[in-house]
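The structure appears below as structure tokens.
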Amino acid sequence: MGGWSIGSVPGELRPMPDRLAGTLRMTAAVVLVVVVMMSFPNKLIDFGALMVFICMQRSTLMTTMVALLVIPALLITSLMVTGIAMVAWNIAWLRILLMGGMFWGGYWFMNRTPALGVTAIIPLAMLSVLIFDFDQYPYPNQIISQLGWIWAAFGLALVGTVFIQRISNAPSGIAVLRDDVRRLVGVAEEACLERFRGRVPRSAGHIAGTMARDGGEVLMSLQRLGKAKNLSKPQAENCRAVIEGAVAVSQAARDGRESWRPGEWRRIAVRLRRIRLSVLRGQPVVSPAEDRAGEGVSSGTLPQLEDAERAVGLLPPSPGFLKRLEVPFPPQEFGNVEFAGRATLATMSCYFIASLLDWSGIHTCMITCVVTALSRMEAQGAKQFQRLLGASLGGLLTMVAMIWLIPATNDLTGVLLILAGGTAICAWIASGREKVSYVGMQMGVAFYLTVLQDPHATTNLDPLRDRLVGIYLGILAMRFFFSIPLPWHLASRPLTIAAKAS
């Protein structure tokens, strides 16, 4: 699912640019935040550690942008929860009705504006947690107190993240982008050399999907840098041309075009190497005339490759190669209204099941519905698989810590060392590519919710069991309501079917 295979696991865990440094930064920030929160009567230590995973990004620019999105998301959360508490604190049916309406509105916004989806995901996830506390203690003061501690935990996590990034000299957005572009070109170059040697490139079965996904990630970073005015439009367009050239060559290497002889694969690899060195040095490696002399590659071999060469100055500029800086989102399978309706039905069904069972610990079923709600079924299934895999691996890590490590220590230093070790494992995976980063984050969530459920070390595994049961229930609910035909059909499904047929 989503390009996963057993053989690709070692490759996904290999060292990558800034991966070790990113892991150390995240581990240091988590330990710092936990130590500070232990000195206050804050029961949300696990939430503070989790917010470090959300705030800590590869570059300082991305950390700032995430913080700017989380702050309004928490403001929306406070208004939503406080509004429900003040209006319907003693009217159960009205509280359920308002909660359902807020979920529907949040899902509609997520599908309508995917780029700002986090501003809806966080409020809906927090509402999924707080609503069960409100059912047990239906007092507005209790909810307001909880919101206060949430804001305190987030503020501390943000301050700790920024502090660690500053003292560790975390890379800027431009530096991270340059490394990503160089890596994409390097992967394409290696794939061409494998073809030259007469071998199929490694992971040939899904290298195109991997490169397209990585290229999409880098393009999204490129778009953010452009919006933050860190890159001029010509610089962004040139960078986009290089990314698209690397992706196109990788796809060609996977397909293994029969018309290309081994010598031509080698010549393309040489051209890619010059592009990579140009990106590294910031100037053309060879003159345009020298680059074309004796290559023997037809001009129409790969237009995207020639665009990339023009972008770094290896070929004379052409007015036709610059492309508009825009990253289109994949086509949706559900219209906004239908998507919101299906996701709301799945979420509210989980709420009713957990309430009828009087099992508030499985509130992760509602959170699972929120964080895996995607309009494309393939992407939704992949994210559900990653969430379940991460929770399971995090559960194994937690059991090792609780059964063998925590009972063997009786001081704060030992607990912090165990916490740092578990965080480092999760952070290493979370610092990887898109296919594994979400798995690492879910491992961290499972680890923190169990190990840090109290201000002191504990060996209670009930939260881990409840979390796994809730995730299973949430996935089943999403699969059910996104598979069955509903009585209304307000989305433009015929257009989607026609697009697939074409």
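Among the residues of the stretch 183-190, are any at pLDDT below 75, of a type in the set (D, E, K, R) and within 20 Å of the chain's Cα centre (by Cα)? Checked the stretch 183-190: no residue is at pLDDT below 75, of a type in the set (D, E, K, R) and within 20 Å of the chain's Cα centre (by Cα).
The single residue among Val327, Val270 that is closer than 27 Å to Cys239 by Cα, at pLDDT 70 or above and among the β-branched types (Val, Ile, Thr) turns out to be Val270. Scanning the stretch 26-51 for residues that are small (Gly, Ala, Ser), modelled with pLDDT of 90 or more and either more than 19 Å from the chain's Cα centre (by Cα) or assigned to a loop (DSSP other than H, G, I, E, B) (or both) gives Ala28, Ala29. Against the conditions (1) assigned to a helix (DSSP H, G or I); (2) open to solvent by less than 30 Å² (accessible area, probe 1.4 Å); (3) modelled with pLDDT of 65 or more, Asp291 satisfies every one except (3).
Number of residues in the stretch 347-402 that are free of Cβ contacts under 8 Å to residues at least 24 places away in the same chain and either in contact with a Gly (Cβ under 6 Å, 6 or more places away or on another chain) or β-branched (Val, Ile, Thr) (or both): the value is 1.
Where helices (runs of 4 or more DSSP H) sit wholly within the stretch 95-201, those with at least 3 residues that are acidic (Asp, Glu) and either surrounded by 17 or more Cβ atoms within 10 Å (Cβ to Cβ) or in contact (Cβ under 8 Å) with a residue 60 or more places away in the chain (or both) occupy 173-196. Just one residue in the set Arg493, Arg479, Arg465 is at pLDDT below 85 and among the basic types (Lys, Arg); that residue is Arg493. Pairs are defined by a Cβ separation below 6 Å, a sequence spacing of at least 6 or placement on different chains, a first member in the stretch 469-495 that is over 16 Å from Leu374 (Cβ atoms) and open to solvent by less than 40 Å² (accessible area, probe 1.4 Å), and a second member that is modelled with pLDDT of 95 or more and among the aliphatic types (A, V, I, L, M); no pair meets this definition. All conditions in (1) in a helix (DSSP H, G or I); (2) modelled with pLDDT under 85; (3) surrounded by fewer than 19 Cβ atoms within 10 Å (Cβ to Cβ) hold for Asn230, with the sole exception of (1). Scanning the stretch 273-288 for residues that are at pLDDT 70 or above and either surrounded by fewer than 12 Cβ atoms within 10 Å (Cβ to Cβ) or of a type in the set (Lys, Arg) (or both) yields a total of 4. Checked against the criterion of being among the hydrophobic types (A, V, I, L, M, F, W, C), open to solvent by 20 Å² or more (accessible area, probe 1.4 Å) and modelled with pLDDT of 85 or more, the candidates Leu322, Leu357 yield just one match: Leu357.
Out of the residues in the stretch 52-68 meeting the condition of being outside any loop (DSSP other than H, G, I, E, B) and open to solvent by less than 20 Å² (accessible area, probe 1.4 Å), tell me which one is modelled with the highest pLDDT. Even if it seems obvious, please write down each step before you answer.
Of all residues in the stretch 52-68, those outside any loop (DSSP other than H, G, I, E, B) come to 52-55, 60-68.
Keeping just the survivors that are open to solvent by less than 20 Å² (accessible area, probe 1.4 Å) gives 52-53, 55, 63, 67.
On the way: Val52: 94, Phe53: 88, Cys55: 91, Thr63: 90, Ala67: 90.
The selected residue is Val52.
Scanning the stretch 69-78 for residues that are open to solvent by 50 Å² or more (accessible area, probe 1.4 Å) and at pLDDT 90 or above yields Ile71, Leu75, Ile76. Of the residues Trp428, Trp404, the single one that is open to solvent by 40 Å² or more (accessible area, probe 1.4 Å), among the aromatic types (Phe, Trp, Tyr) and in contact with a helix residue (DSSP H, G or I) (Cβ under 7 Å, 6 or more places away or on another chain) is Trp428.
Yes/no matrix, rows are residues, columns are (1) modelled with pLDDT under 85; (2) surrounded by fewer than 17 Cβ atoms within 10 Å (Cβ to Cβ); (3) not in a loop (DSSP other than H, G, I, E, B):
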residue	(1), (2), (3)
Asn238	yes, no, yes
Val242	no, no, yes
Ala246	no, no, yes
Ala253	yes, no, yes
Ser259	yes, yes, no
Arg266	no, yes, yes
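The values are calculated or read from the model by the stated rules, or taken from the named source; none is laboratory data. Worth saying up front: this structure is predicted, and the values here are computed from it rather than measured. Neighbour counts run over all protein chains shown; Cβ positions are idealised from the backbone, glycine included. Heavy atoms of the whole protein, side chains included, go into the accessibility calculation; ligands, DNA and RNA do not. Shrake-Rupley method; radii C 1.70, N 1.55, O 1.52, S 1.80 Å.
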